[in-house]
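What follows is one structure encoded as structure tokens, with my remarks underneath.
What follows is calculated from the coordinates using simple rules that are stated; it is not laboratory data. Everything numeric here is computed off the predicted structure, so don't read it as measured data. Backbone-built Cβ (ideal geometry, glycine too); neighbour counts: all protein chains shown.
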Amino acid sequence: MIISILSVYLISTTELYQLVKLPMLVEHFYEHKGQDRDITLWEFLCMHYAHGDVKDADHDKDMKLPFKSHDGCSSSSVIAYIPKDFPLIAKPAHSISKSFTIYDEQFLTSSFLACIWQPPKTC
């Protein structure tokens, strides 16, 4: 479940949607292979990706190849809004009023505690 949600998210928000166009790459390679039987996959990839945007007879088909155009790239922003009256923690049915101290006297700084030459204290 998590993998499928992550896949949908990555395909819709990054360039991974271009991988869906891989069958077009294979089909276009076989078209070139039909015209020139000696062409290798490396030569095909160099012809379509390494030499820039060459306008040849099959330019429309070339632009449908993966990673040739960036027409589906989108950015999204997620804004989390939590209303003030939204209960994040369940409240008990009855409440008990207690007072708590938020500091402890042993941690207060003073000139007495700052002096290094104090005798040892017992617990």
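Computed quantities for the displayed model
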{"quantity": "Percent breakdown of C-alpha pair distances by 5 Å bin, ordered from the shortest bin, for region 21-68", "calculated": "5, 22, 35, 30, 9, 0"}
{"quantity": "Where labels lie 7 Å past Cα in the beta-carbon direction, separation of F67 and D36 in nm", "calculated": "2.1"}
